[in-house]
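Asker: This is the structure I want to talk about, given as structure tokens.
What follows is calculated from the coordinates using simple rules that are stated; it is not laboratory data. In this text the structure is predicted, and so the values were computed from the model without any measurement. Reconstructed Cβ throughout: ideal geometry from the backbone, glycine too, with neighbour counts over all protein chains shown.
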Amino acid sequence: MNIGLTFITFLLSLGISLVLMPPFIKLMVKYRILDKAGGRKIHTGYTAHMGGIVIFISFAVSVVAMMFAYKSQDSLSRLIFIGIALTGMLFVGIRDDMHNISPWSKLFFEVIIGILMSYAGVRLTDLGGFLGIHEIPQWFGYSITTCFFIVVVNAYNLIDGIDGQAGMQAVNVFFFCFLFYLLIVGDKPLDHNIASPVFMYISALAILGAVAGFLKYNWQKARIFMGDAGSLFIGTLITVFIIVSVKYAMLCNKYDILHGEDVHNFLGYNLKATIAPFLFLFYLPMADTLRVFINRARHGKSPFHPDKTHIHHLFIRLGYSHQRCTLTTFTISFCVSLIGFVLAFFFDDNICIPVIILSWFLYVQLLHLTVIKRVRGGY
């Protein structure tokens with residue numbers, strides 16, 4: 001990969017985000033497009049939102065500019081489908097920010113976008129030997145991809161509860177994906193039927209720059225929130241990265257077997273697990289969402305019933321500032337992601353995926369012992 005491309009893409013996206021965000025905040029304030037405190041929201045007063053629009057613009061302009069500069073050979077039609085999916089979720093988010101739409105209406109749009117992405121090729125077609133399964137039927141690929149998309153988008157939306165947290169969780173995911181394409185995929189001549197490694201590499205840098213610019217204005221005390229416009233768009237992009245990266249990890253394995261080379265070796269090791277390391281990247285949002293949904297069901301409530309039992313709500317009730325809470329959850333995610341990739345160099349998915357499942361029970365118990373018991377009155 002071209003290291004110069006790294007700095008240019010990141011700086012371009014960062015620059016656009018930093019330049020556009022202040023006038024966008026003023027525009028939101030002028031037209032009273034503000035997020036009001038109250039209910040399950042834990043900020044005070046009125047705050048500009050829909051900052052996800054600026055993140056999207058910074059990301060899209062940077063990707064398009066750098067793909068032209070790099071003379072990409074990607075399939076334009078396939079990239080258009082990805083663009084439609086990302087833009088579609090952006091507009092669903094804008095609609096929800098302007099006038100709340102019901103969870104079921106949002107779910108309907110998510111299913112449509114999930115099917116669209118699957119049709120474009122952003123879907124699982126192989127389980128890489130997990131449970132002895134390799135190639136899977138097309139209908140199953142569509143189903144599992146759409147369900148996974150819905151889980152990721154909603155988990156990311158729900159983690160967006162305090163200043164800086166959603167942005168930092170995105171930084172964690174895309175930073176490790178960037179390292180994956182830089183150090184493991186690299187410039188290897190891999191066949192692909194969806195976005196090229198160069199596109200993924202550029203996209204990771206572009207979204208990192210856009211989110212970094214946003215975080216300057218979203219850090220405690222936030223001047224703007226990303227809103228559903230940002231969380232639904234970024235959640236969709238995270239899904240694209242996880243699925244496409246899984247496919248590239250599997251392609252690396254197949255290329256290694258065919259050519260007898262350490263195609264994706266890093267410091268002398270090969271990546272043995274192809275699914276688990278990318279699930280580890282989004283572990284905390286998914287683990288906490290599952291915990292909260294099960295807790296709501298136990299109390300006879302709908303999983304979509306809003307409350308203040310997410311991990312960030314618990315930390316806030318312990319007296320943590322938004323900044324301390326955000327840095328704590330980011331540290332947890334970063335450490336889990338790092339551990340996940342280390343494990344993936346030594347063990348395959350048949351070991352790593354059960355580790356993810358078992359670690360959820362450990363997460364619930366540790367959270368109960370170290371945080372929930374200390375929260376006054378429990379929940």
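Asker: Taking only DSSP H segments of four or more residues, each worth -39500 (n - 2.57), what value at 222 nm results for the chain once the sum is divided by all its residues, to the nearest 500 deg cm²/dmol?
Answerer: Taking each H run of at least 4 residues, the total per residue is -23000 deg cm²/dmol.
Asker: Relative contact order for the chain using alpha-carbon pairs under 8 Å, separation at least 6, rounded to a whole percent?
Answerer: Working: 539 pairs, mean separation 89.0, N = 379.
So the answer I get is 23 percent.
Asker: Using 0.36 nm per residue, how much length does the chain from ILE339 to THR370 gain when fully extended, once their Cα-Cα distance is taken away? Don't jump to the answer; show the numbers that get you there.
Answerer: Numbers: separation 31, 0.36 × 31 = 11.16 nm, distance 2.14 nm.
Gain on extension, ILE339 to THR370, equals 9.0 nm.
Asker: Still on this structure, I have one more. Taking the mean number of other Cβ atoms within 10 Å as a proxy for protection, how do you rank 297-304, 366-373, 162-169, 122-129 from highest to lowest? Before the final figure, lay out each step's value.
Answerer: Working: 297-304: 11.1, 366-373: 12.8, 162-169: 24.9, 122-129: 21.0.
Taking the mean over residues of other Cβ atoms within 10 Å, the ranking is 162-169, 122-129, 366-373, 297-304.
Asker: Here's a follow-up. Picking from LEU208, ILE136, THR328, whose Cα lies most toward the positive end of the charge dipole for the stretch 3-374 (charges on Cβ: Lys, Arg +1; Asp, Glu -1)?
Answerer: Sorting the options by dipole projection puts first THR328.
Asker: What ranking do SER143, SER58, SER13 get, fewest neighbouring Cβ atoms within 10 angstrom at the top?
Answerer: With the fewest neighbours first, SER143, SER58, SER13 line up as SER143, SER58, SER13.
Asker: How long, wide and thick is the chain, going by the Cα atoms along their three principal axes, in whole angstroms, largest first?
Answerer: 60, 45, 38
Asker: Among 86-98, 311-323, how do they line up from the highest to the lowest mean number of other beta-carbon atoms within 10 Å? Walk me through the numbers before you get to the answer.
Answerer: Working: 86-98: 20.7, 311-323: 18.4.
By packing density, highest mean first, the sequence is 86-98, 311-323.
Asker: In terms of the Cα gyration tensor, with a ≥ b ≥ c the square roots of its eigenvalues, is the stretch 147-217 rounded because a/c is under 1.5, prolate because a/b exceeds b/c, or oblate? Write down the numbers at each step before the final one.
Answerer: On the way: a/c = 2.87, a/b = 1.61, b/c = 1.78.
The shape class here is oblate.
Asker: Could you compute the FRET efficiency for PHE140 and SER302, with r as their C-beta to C-beta distance and R0 at 30 Å, rounded to 0.05? Display every interim value, and only then the final one.
Answerer: On the way: r = 28 Å, r/R0 = 0.94.
The computed FRET efficiency comes out at 0.60.
Asker: If you don't mind, another one. Given PHE280, HIS99, MET21, which one lies farthest toward the positive end of the charge dipole of the chain, if we put +1 on the Cβ of every Lys and Arg and -1 on the Cβ of every Asp and Glu?
Answerer: So the residue furthest toward the plus end is HIS99.
Asker: Taking +1 at the Cβ of each Lys and Arg and -1 at the Cβ of each Asp and Glu, which of VAL54, GLY186, VAL122 sits farthest along the dipole of the stretch 3-374 towards its positive end, judged by Cα position relative to the Cα centre?
Answerer: It is VAL54, whose Cα lies furthest towards the positive end.
Asker: Cut-off under 19 Å on the C-alpha distance; same-chain residues fewer than 8 positions from LYS36 excluded. Which lysines are left, in chain and number order?
Answerer: The reachable lysines, counting only those whose Cα sits under 19 Å from LYS36, are LYS26, LYS221, LYS308.
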